[in-house]
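Remarks on the structure that follows.
Laboratory data are not the source of any read-out in this text; all were calculated from the coordinates shown. Note that this is a predicted model, so its numbers are computed, not measured. Backbone-built Cβ (ideal geometry, glycine too); neighbour counts: all protein chains shown.
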Amino acid sequence: MRPRTQLTFKIATEPEEFEQIFRLNHRTFVEEIPQHDHDPEGRLVDRFHDQNTYVIAVDESRVVGMIAMRDQRPFSLDEKLGSVDDYIPNGRSLCELRLLAIEPEYRTGRVFAGLIELVVSLGLERGYDATVASGTVRQTRLYAHLGFKPFGSLVGSADAQYQPMCLTLEDFVDRGEAILTRRKRDEPVSLLPGPVAIAETVRAAFAAAPISHRAEVYHERRQRVEAALCRMTGARTASLFLGSGTLANDVVAAQISLLDAPGVVISNGEFGERLLDHAQRFDLDHAAWRLTWGAPIDPRVLGQFLDSRPNTRWLWFTACETSTGMANDIDAIARICAERGIAMCVDAVSAVGCVPVDLSLAHLATAASGKGLGSYPGIGIVLHDGTARSRPDRLPRYLDLGYHIECGGVPFTQSSNLLFALDAAIERFHARDVFADTRNLAEWIRPKLHASGMRMLLPDTLSSPAVISMEPPDSVSSRTLGDRLRDAGFLLSFESGYLLERNWIQLCIMGDTRRGDLVEFLAVLRRELRRPASSSMRSTRPTAILPRPTQTHRATR
């Protein structure tokens, strides 16, 4: 039969399709490749048939090609070689591809490409990031073209020899860019610093029927979440507020105002500047120690700066300066503060849940539900040493941390949906090493971003793995690139004024970020960077790491 020009690629679901699969299986692996005994009815049912997902090519109603996917262990290769885990990178979500069979008149490459395209899409949806296969030695060049790498010794008989192979998503991305960039998505992938990618378990928890914030079950769940946050950060106490990380920082500013003492606010980026704004709005007596954006905080210089101001009683800084990705050294700053009797206050909104943090020496610190913790925005978190006392004569009710504590942690209306979602999000930290996953993804993608032409603002040693701030190649507008990536289904941060002004764009690995999503993103990014830009803007990256003049604000209270 002459092949038709219209082919359909699908997952086999119908009895007639399975019957044709059995017969194609027999023609290929009995009659053509003498691997199994002849069946008088011309049918070969695979021993893993009930576990297989069959991807098929159909010409009208005729099955002309197939390949089977299976993720249950042991794989057939496990039985032949021992555990295949000894041959592949660690920590992979694996499937096995088997039974590649295509009718002879359809072996032009088109059917094979269509099968692989659907296999890749299905694998990405199911969360696989590597696959193993036994490729007939007659097709090793074809498999190698897709990025498969051989491992182990040949398996099979002298008449039907197969080479074990492994394909990781990393190896596939360069070979299969056309497949990856044609995929259609049900919803965009969030690579934002918020809202972040939300896991299905978290979505399900959020969708539960709301309950009263006065209910006993609500208090039990709140206490569990607060205890988990304390274990995660080393903080003595955690308090939850219905609001954003900015609200949590307002609560911290309110508490600092009660110290009635001079302090220092450190700024080496946009969010350090926002802490200065908090301090100004609360009329805090403070000195502003400004560094160029992207400059690290030198502990020795900071110590000298504080020694020049012996009356300093508090210090406020960001753990992760989200604008540049700078990871400020909490441990070093904590030691400096402890030696001088200074109350350390930390904006850890973009750090908690992204990297391990030790806030055991912090007087006050902040976090939020909608970033590294992987839940929906809406819960501002204040982590503190438990010394706050209510001050109705000085503070607004909602910002009074002491009043919040006196009311058992729930002075006003709170959302059970947000709380239960946050609880479910924190559970993933018990199930796996989220911090290692984030670090591994960052170490994998950063050099690939650089190779594609993006310029990293900070070296790996200074940057948080969860925030990658970068500049497109010369003459490429971050706005144009961000718009195109959004249209292709990938949401990056680029629309904030400070990012547009500097022609920066950010990729964040927060929440339920998947390796497969990043692989697809890289393929789309490379395609978009090759397209002519409709507008251009030269970059204005920070070029110096020098302190700016110190500014002092004295409270008039």
(message) List the residues, sorted by chain then number, that are 5 or more residues from Asp329 or on another chain and whose placed amide H is less than 5 Å from its amide H.
(response) Ile297
(request) Positive end of the charge dipole of the chain (Lys, Arg +1 and Asp, Glu -1 on Cβ, about the Cα centre): tell me which of Ala261, Ser463, Gly152 has its Cα farthest that way. (result) Ala261
(request) Run a plain Debye calculation on region 203-314 (Cα atoms as equal point scatterers, no solvent) and give log10 I(q)/I(0) at q = 0.19 Å⁻¹, rounded to two decimals, same order as the q list. (result) -1.10
(message) Modelling each spin label as a point 7 Å along the Cα-to-Cβ direction, I'd like the Arg335/His38 distance in nm, to one decimal.
(response) 8.0 nm
(request) On each of the three principal axes of the Cα atoms of region 25-94, give max minus min coordinate, whole Å, ordered largest first. (result) 41, 29, 20
(request) For the chain, build the charge dipole from Cβ charges (+1 Lys, Arg; -1 Asp, Glu) around the Cα centre, then report which of Phe206, Gly82, Gly245 sits farthest towards its positive end. (result) Gly245
(message) When 1/r is averaged over all different Cα pairs and the result inverted, which Kirkwood radius in Å belongs to the chain?
(response) 26.5 Å
(message) With +1 assigned to the C-beta of every Lys and Arg and -1 to the C-beta of every Asp and Glu, and no other charges, what is the dipole magnitude of the chain about the Cα centre in debye, to the nearest 20?
(response) 1440 debye
(message) Just to check I understand the Karplus step: with θ = phi - 60° and J = 6.51 cos²θ - 1.76 cosθ + 1.60, what whole-Hz values come out for region 382-389, glycine and proline as x?
(response) 10, 9, 8, 8, x, 8, 5, 10
(message) Using amide H atoms built in the peptide plane, which far-off residues or other-chain residues are under 5 Å from Ala351 H to H?
(response) Cys320
(message) From the phi angles alone, apply the Karplus equation (6.51, -1.76, 1.60; θ = phi - 60°) to region 46-52 and give each ³J(HN,Hα) in whole Hz, x where the residue is Gly or Pro.
(response) 5, 5, 9, 3, 5, 9, 7
(request) Quick one: what are the phi-derived ³J(HN,Hα) couplings along region 361-370, Karplus 6.51/-1.76/1.60 with θ = phi - 60°, whole Hz, x for glycine and proline? (result) 9, 7, 6, 9, 8, 10, 8, 8, 6, x
(request) Report the FRET efficiency, 1/(1 + (r/R0)^6), for Tyr398 and Ser61, where r is their Cβ-Cβ distance and R0 is 60 Å, rounded to 0.05. (result) 0.35
(message) Can you list residues from other chains, or at least 5 along the same chain, whose modelled amide H is less than 5 Å from the amide H of Gln161?
(response) Val137
(message) Please list log₁₀ I(q)/I(0) at q = 0.08 Å⁻¹ for region 8-182, using the Debye equation with identical point scatterers on the alpha-carbon positions.
(response) -0.23
(request) Take the alpha-carbon centre of region 255-301, take the same for region 312-333, and report the distance between them in whole Å. (result) 10 Å
(message) As an exercise, take the mean of 1/r over every pair of distinct alpha carbons in region 200-430, invert it, and state the Kirkwood radius in angstroms.
(response) 17.8 Å
(request) With the Cα gyration tensor of region 81-135 in hand, give its eigenvalues times 5 under a square root as the equivalent ellipsoid semi-axes, listed largest first in whole angstrom. (result) 25, 15, 7
(request) Putting +1 on Lys and Arg Cβ atoms and -1 on Asp and Glu Cβ atoms, find which of Met66, Val120, Phe48 reaches farthest to the positive end of the dipole of region 8-182. (result) Val120
(message) Charges at C-beta only: +1 for Lys and Arg, -1 for Asp and Glu. How large is the resulting dipole of region 200-430 about its Cα centre, in Debye rounded to 20?
(response) 280 debye
(request) Just need the Rg to Rh number for region 345-408, please, alpha carbons only, Kirkwood Rh. (result) 1.01
